[in-house]
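Novice: Okay, here's the structure, questions in a sec.
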Amino acid sequence: MLGTVENHSLPRTAAFFDLDKTVIAKSSTLTFSKSFYQGGLINRRAVLRTAYAQFVFLVGGADHDQMERMREYLSALCRGWNVQQVRELVAETLHELIDPIIYDEAASLIEAHHAAGRDVVIVSTSGAEVVEPIGELLGADRVVATRMVVEDGAFTGEVEYYAYGPTKAEAIRELAASEGYDLSRCYAYSDSVTDIPMLETVGHPHAVNPDRALRREAAARDWPVLSFSRPVRLKQRLPAFSMPSRPALVAGAAIGAAALTASLVWLASRRRTSGTPIARF
C-alpha cells in the first residue's frame, strides 16, 4: 500500500513525478512569461504567444511535434538571457505564480510517499532554473530538468540536456543505479503520452489527468488513472509544508482534525523547549 512505511532492510524506493499538469495545473515555464516581460526579457508579442501556447497546452496537451516546436521556440526566445536575472525573477514570483496552481491531490501524494519513506523526484521537461525552485517548494528530494548551455552567464539558446521522452526514463534508471532504488517497487506519475517510457520504467505507473493517447494506453495496460482538480495554496492546506520535519501521517483524506491537533501540540512543545516561534502565515 502507498502509505506503508518502507522496510529499510529492503532496497530504497522513490516516486517520480512529471511536473506540468501532473503536480501543477499549468506549464511551469509558460507561467513565468509575465514575470519575464516585467523583467524586460520578452516583449508583449512574446507574452501573447506564450499565453496562446499555454491555452493549447491546457486544452489538448502536447504531442511530440508540439513539444518540439515549443522547445525550439523557447530555446530561441531565451538566447542571451542573463541566467542570474532569470533565477531572481523566478525566486521573486515563485509563490505568487506557482503556489496557487499546485494540485492539492499531488501535494497529498508527495506527503504520502515521504511518510512511507520514499524519495520524491520531480522529472520535468521544463528548464532547471524554473523546476529546481519549484521542487524545493514542494519538498522534493531531487529534480531532473532540461539544462540550457550557458556562456559568460547567459543562455546561448542551445540545449545541453533535454529531459524529454526516453531521456526521462534514462535519468530514472541512472538515479536508481546511483541511489539504490528498486524500480519494480517505485511509483511514477504523468499526464502525457510522451512520458510512457518514464511510466514503463517503474512497477507502479499512474496516469494523472491523462491526454487522450495516454488514457487509451493506460486502459490497455490496466494502469491506474487519477484525476487531480483542486489547485490550492500550500499554506492553505494542513500545516505539513510549514512544519520543520515531514509529518508522521499521510495527508489527504486520511488527515483530519487529529493530525491538525497533533501538529499544533508538537509545534507548541517545540516552542516551549527550544524557543522556536510557531510559524505564522
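Novice: How would you rank 202-210, 156-164, highest first, on the average number of other Cβ atoms within 10 Å across their residues?
Specialist: In decreasing order of mean packing, 202-210, 156-164 become 202-210, 156-164.
Novice: Please list, in chain and number order, the residues 5+ apart from Gly157 or on another chain whose amide H is under 5 Å from its amide H, with Hs placed from the backbone.
Specialist: Long-range HN contacts for Gly157: Gly80, Val149.
Novice: Modelled label-to-label distance, Gln38 and Tyr162, 7 Å Cα→beta-carbon offset: nm?
Specialist: Between Gln38 and Tyr162, the simple spin-label model gives 3.2 nm.
Novice: To continue, here is another question. What shape does region 153-226 take by its C-alpha gyration tensor, where a ≥ b ≥ c are the square roots of the eigenvalues and a/c under 1.5 counts as rounded, a/b above b/c as prolate, and the rest as oblate?
Specialist: Here region 153-226 falls in the oblate category.
Novice: Which order do His95, His113 fall in if you start with the one that has the fewest other Cβ atoms within 10 Å?
Specialist: His95, His113
Novice: Assuming 0.36 nm per residue, please report the length gained on full extension of the stretch Arg79 to Val150 beyond their Cα-Cα distance.
Specialist: 24.6 nm
Novice: If you don't mind, there's one more thing I want to ask. What aspartates and glutamates sit close enough to Lys168 to cross-link, taking a C-alpha to C-alpha distance under 15 Å and skipping anything fewer than 8 places away on the same chain?
Specialist: Asp18, Asp20, Glu160, Asp191, Asp195, Glu200
Novice: Hey, another quick one. Could you put Met198, Met148 in order, starting from the residue whose Cβ has the fewest other Cβ atoms within 10 Å?
Specialist: Ranking Met198, Met148 by Cβ neighbours within 10 Å, fewest first, gives Met148, Met198.
Novice: Highest mean first, what order results for 182-190, 16-24, 83-91 on Cβ atoms within 10 Å?
Specialist: So the peptides 182-190, 16-24, 83-91, ranked by packing, come out 16-24, 182-190, 83-91.
Novice: With a ≥ b ≥ c taken as the square roots of the eigenvalues of the C-alpha gyration tensor of region 14-226, please select rounded if a/c is under 1.5 and otherwise prolate if a/b is larger than b/c or oblate if it is not?
Specialist: Prolate, because a/c is 1.5 or more and a/b exceeds b/c.
Rule-based calculations on the coordinates, nothing more; no lab input. Keep in mind the model is a prediction, meaning the values are calculated, not measured. When we count neighbours, we look across all protein chains shown, and the Cβ atoms used for this are built from the backbone with ideal geometry, even at glycine.
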